[in-house]
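Every read-out reported here was derived from the displayed coordinates using simple, explicitly stated rules and does not represent laboratory data. This structure is a prediction, so every number in the text was calculated from the model and none was measured. Note that each Cβ is placed from the backbone with ideal geometry, even for glycine, and that neighbours are counted across all protein chains shown.
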Amino acid sequence: MEGSSSAPPMPWTARATMMTTGPTHHWRVLRDSGVIRQRPSGRENLLVLRREDLDARYPGLLDAILSGARADDALEHGG
């Protein structure tokens, strides 16, 4: 389930400084399960959602989650 290493990061990126064991454990679980790709960037790690791999394995799952989150957000903000 390995994606192309030359692909640009998806919009779902985050920078995380690994200072505590809690986040380190969670990032390792997500990385080992194939949900994210992690790349060192100086003192930080660039975390990238492996969207193409997840869409191939679970078609429509991320779209359904994001659609539900947008609907919840619209209800909270009256839109």
> How would you classify the stretch 26-79 from its alpha-carbon gyration tensor, with a ≥ b ≥ c the square roots of the eigenvalues: rounded for a/c under 1.5, else prolate if a/b is greater than b/c, otherwise oblate?
Replying inline: oblate
> Between residue 69 and residue 33, how many nm apart are label points set 7 Å from Cα along the C-beta direction?
Replying inline: 1.5
> Short version: ³J(HN,Hα) in whole Hz for each residue of the stretch 53-62, in order, from phi by Karplus 6.51 cos²θ - 1.76 cosθ + 1.60 (θ = phi - 60°), x for Gly and Pro, what are they?
Replying inline: 5, 5, 5, 5, 7, 10, x, x, 5, 5
> If we sort 55-62, 70-77, 24-31, 44-51 on the protection proxy, mean other Cβ atoms within 10 Å, highest first, what's the order?
Replying inline: 44-51, 24-31, 55-62, 70-77
